[in-house]
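Visitor: Take this structure first; my questions come after.
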Amino acid sequence: MTRIAILKREDLNAEQGKVFDDVKAEGGPLGGPYWAYIRFPRLMRLLQDVSNLLGQSGLAKRERQIAIMAVIRFWGAEYPWSVQTRAALGMGIAQEIIDAINSGGTPTLADPREKMAYEVALELLRSHKLSEGSYALAGKLFNENELVSLVATVGQFTMTCLTTIAFDCTPPDDVPHRLKH
């Protein structure tokens with residue numbers, strides 16, 4: 001059960017309502033961590049802008065999505081997993097790759113950039129650093145802007161995961177995509 005009240009549009013003050021309406025009109029997310037972020041509308045707006053910017057950073061959508069899935073699995077965040085699994089399937093990421101990530105295994109990724117995106121995300125999360133070897137290999141596969149974007153995506157989705165965990169933003173029971181425990 002979600003710990004934080006899910007505010008209805010009519011419960012929002014003028015500033016919250018404007019941000020809510022703007023994000024909704026843009027097709028942005030309004031659930032999960034955004035149930036908390038709407039209480040601080042400027043933060044919600046900035047986070048939406050950061051997400052949009054990182055989505056246009058030069059990383060391929062699949063590369064970014066695989067890194068996102070690694071972050072979510074690492075943190076065990078239920079709500080983002082359900083939403084981002086649907087997005088991953090929609091962009092053609094194979095169910096076998098999603099299942100491998102979900103089970104805590106290593107997915108078979110034929111594309112070297114996708115594999116590196118996954119490995120960079122996990123190395124940062126597990127060891128709290130990026131080794132010289134990983135940095136050098138990532139630098140051969142990604143330009144500097146792409147690598148900055150990849151690292152920022154790991155940070156951004158860590159924030160998303162921690163927010164949903166802290167406020168127990170649980171997906172509805174009928175959501176088909178679940179984390180394995």
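Visitor: Once the Cα atoms of helix 61-75 and of the chain are each reduced to a long axis, what angle between those two axes, in degrees from 0 to 90 to the nearest 10, is obtained?
Guide: Rounded to the nearest ten degrees, it is 80.
Visitor: Can you work out the FRET efficiency for the pair LEU137 and LEU46, with r the C-beta to C-beta distance and R0 = 30 Å, to the nearest 0.05? Show your work: numbers first, answer last.
Guide: Working: r = 32 Å, r/R0 = 1.08.
Computed FRET efficiency for LEU137 and LEU46: 0.40.
Visitor: Okay, moving on. Roughly speaking, what is the stretch gain from LEU162 to LEU125, that is 0.36 nm per residue apart minus the C-alpha to C-alpha distance, in nm to one decimal? Present the calculation step by step, with values, prior to reporting the outcome.
Guide: Details: separation 37, 0.36 × 37 = 13.32 nm, distance 1.30 nm.
Net length gain for the segment: 12.0 nm.
Visitor: Then there's this: What's the longest uninterrupted piece of the chain once you rule out the trypsin sites (Lys or Arg not before Pro) that are loop residues per DSSP with at most 11 other Cβ within 10 Å? Before the final figure, lay out the partial values.
Guide: Working: sites that count: ARG3, LYS8, LYS129, LYS180.
So the longest stretch without any such site is 9-128.
Visitor: Okay, next question. Given H placed 1.01 Å from N in the peptide plane, which residues other than close sequence neighbours of ALA94 have an amide H under 5 Å from its amide H?
Guide: Residues meeting the amide H criterion: none.
Visitor: Right, something else. Distance in nm between label sites at ALA94 and GLU10, each 7 Å beyond Cα in the beta-carbon direction?
Guide: Taking the simple label geometry, ALA94 and GLU10 are separated by 5.0 nm.
Visitor: For helix 41-55, report the angle its Cα long axis makes with the longest principal axis of the Cα atoms of the chain; keep it between 0 and 90° and round to the nearest 10°.
Guide: 30
Visitor: Give the relative contact order (percent, whole number) for the range 61-166; include only Cα pairs under 8 Å separated by 6+ residues. Intermediate results must be reported in sequence, preceding the final value.
Guide: Numbers: 99 pairs, mean separation 44.4, N = 106.
Once normalised by length, the contact order is 42 percent.
Visitor: Would you mind calculating the relative contact order of the chain from Cα pairs under 8 angstrom and at least 6 residues apart, reporting the percent as a whole number?
Guide: On the way: 195 pairs, mean separation 62.6, N = 181.
In percent, rounded to a whole number, it is 35.
Visitor: Then there is this: Quick check on the chain: take the gyration tensor over C-alpha atoms, sort the square-rooted eigenvalues as a ≥ b ≥ c, and tell me if it's rounded (a/c under 1.5), prolate or oblate.
Guide: On the way: a/c = 2.05, a/b = 1.54, b/c = 1.33.
Verdict is prolate for the chain.
Visitor: Where the only charges are on Cβ atoms (+1 Lys, Arg; -1 Asp, Glu), what is the dipole of the range 61-166 about its Cα centre, to the nearest 20 debye? It would help to have the intermediate numbers written out before the result.
Guide: Working: 10 positive and 11 negative charges, 24 e Å.
Computed about the Cα centre, the dipole is about 120 debye.
FYI, it's all coordinate maths here, none of it is from the lab. This structure is a prediction, so every number in the text was calculated from the model and none was measured. Cβ: placed from backbone, ideal geometry, glycine included. Neighbour counts: every protein chain shown.
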